[in-house]
Amino acid sequence: MKNGGKNILITGGAGFIGSHVVRLFVNKYPEYHIYNLDKLTYAGNLANLKDIENSPNYTFLKGDICDYEAVKEIFRKYDIGYVIHLAAESHVDRSIKDPFIFARTNVIGTLTLLQAAREWWNCSLALRKKSQEENDGCFSRDENGNIGHLFYHISTDEVYGALKPGDGYFTEDTKYDPHSPYSASKASSDHFVRAFGDTYGMPVIVTNCSNNYGPYQFPEKLIPLFINNIRYNKPLPVYGKGENIRDWLYVVDHARAIDVIFHKGEPGDTYNIGGFNEWKNIDLVRLLIKVTDKALGRPEGASAGLITYVTDRAGHDLRYAIDSSKLKRSLGWEPSLQFEEGLEKTVRWYLEHQEWMDHVTSGAYLSYYKEMYGGE
């Protein structure tokens, strides 16, 4: 589809957060065509999108965001006008073991997308018989207030570092201070996005979000891992004393925020997305035990003995907490679920989708998609 509506490239759309964003946009906006670009690494799973895979306004593209020639061809072939960039390596423990993969995907991959987008959008401008130096025609609003193009980059609150005792919340003006290879790679990608906005006049938006939870999350992450371990009476490994504090947001609420920001956010701006929902890790684990035991028909606290304290992670930041008041004030977004409600929905989903969990934990899904699409 060319010039018949908004052609949106969503990267990492087979992953946890990405699949929720793809589903929302495909179902809510039939006038858009959504192109889902995903490499299908271990965290990418097309089973996450079974319900919309045959939608007429949806196309899956298997590819690597670091492959510049392939990405350029995607922009040209599908006349991509908008990018929602979620593809990233995201697990801190993996970044400590192999930081090179994180630098390649999160930094070089983002730079590849930015350069391909800039080149195609400037080419489109030239084809409309305007000088490539005249960015105003390409990167401006039309008579209805719509932006001709947009590069929307999704990032993390971890780029801000750790809040000290007595500190308040991360705001959009908080100084970057990343402490892990993962957060350093995301901080670098954020800087590249903003640099393209400043240098080339590209319309860009960056959002920094707190910890997400909900359906389809890869079970290396705390909540799905612990739900599964409680089900099978396996240990629940807690770093240090479990004193680290995180702000938690239900993934569907994050997708709603992305929708609002994509349509109403101001290019060049940054928005923090959080749940106003801080929990110490150990308190979260105890609540998760309570909710999961109840869902399994066990006595309350029956699985408390599974908690095992392990050596703390290197560079483990004590506290993250996001101030989302700007987003609420300027665009009217706020979380729709209280945490216990969201956690109960999440626990029920994983217990009711054990086949999905088994395929992921066994690696069977990787063999299936390798056979279908080739490659990794």
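The values are calculated or read from the model by the stated rules, or taken from the named source; none is laboratory data. Only a predicted model underlies this, so the values are computations on that prediction, with no experimental measurement involved. Using ideal geometry, Cβ is built from the backbone for each residue, glycine included, and neighbour counts are taken over all protein chains shown.
Looking at the range 260-376, what helices (runs of 4 or more DSSP H) fall wholly within it and have at least 1 residues that are under 20 Å from the mean Cα position of the chain (by Cα)? Give the steps one after another, and end with the answer.
Details: elements: 281-295, 325-331, 339-352, 354-362, 364-373.
The helices (runs of 4 or more DSSP H) meeting that bar are 325-331, 339-352, 354-362.
Give me the pairs, please: first residue somewhere in the range 211-239 and more than 19 Å from residue 341 (Cα to Cα) and among the hydroxyl-bearing types (Ser, Thr, Tyr), second residue anywhere and at pLDDT below 95 and part of a loop (DSSP other than H, G, I, E, B), beta-carbon distance under 7 Å, and either six or more positions apart or on two chains.
239/312; 239/313; 239/316
Among the candidates 34, 108, which residue alone is buried (at least 20 other Cβ atoms within 10 Å of the Cβ) and either free of Cβ contacts under 8 Å to residues at least 60 places away in the same chain or out of contact with any His (no Cβ under 7 Å at 6 or more places or on another chain) (or both)?
Of the residues listed, the single one that is buried (at least 20 other Cβ atoms within 10 Å of the Cβ) and either free of Cβ contacts under 8 Å to residues at least 60 places away in the same chain or out of contact with any His (no Cβ under 7 Å at 6 or more places or on another chain) (or both) is 34.
Go through 6, 2, 72 for me and flag whichever is farther than 24 Å from residue 253 by Cβ, modelled with pLDDT under 95 and surrounded by fewer than 19 Cβ atoms within 10 Å (Cβ to Cβ).
Selected residue: 2, the only one of 6, 2, 72 that is farther than 24 Å from residue 253 by Cβ, modelled with pLDDT under 95 and surrounded by fewer than 19 Cβ atoms within 10 Å (Cβ to Cβ).
Please specify each residue of the range 30-57 satisfying the condition of being part of a strand (DSSP E or B), under 25 Å from residue 355 (Cα atoms) and in contact with a helix residue (DSSP H, G or I) (Cβ under 6 Å, 6 or more places away or on another chain).
Of everything in the range 30-57, just one residue is part of a strand (DSSP E or B), under 25 Å from residue 355 (Cα atoms) and in contact with a helix residue (DSSP H, G or I) (Cβ under 6 Å, 6 or more places away or on another chain), namely 36.
If you take the residues of the range 273-286 that are closer than 14 Å to residue 213 by Cα and aliphatic (A, V, I, L, M), which of them is surrounded by the most Cβ atoms within 10 Å (Cβ to Cβ)?
Once the filter is applied, the top-ranked residue is 273.
Return a yes/no flag: does the range 234-243 have any residue that is within 21 Å of the chain's Cα centre (by Cα) and not in a strand (DSSP E or B).
No.
When the range 159-182 is examined, which residues are found to be crowded, with 19+ Cβ neighbours inside 10 Å, closer than 15 Å to residue 272 by Cβ and of a type outside the set (A, V, I, L, M)?
Across the range 159-182, the qualifying residues are 160, 161, 169, 170, 174.
Provide a single number: the residues in the range 195-236 that are surrounded by fewer than 16 Cβ atoms within 10 Å (Cβ to Cβ) and in contact with a strand residue (DSSP E or B) (Cβ under 8 Å, 6 or more places away or on another chain).
Here the count works out to 1.
Residue 205: more than 30 Å from residue 121 (Cβ to Cβ) and not in a loop (DSSP other than H, G, I, E, B), yes or no?
No; evaluated as a whole, the condition is false for this residue.
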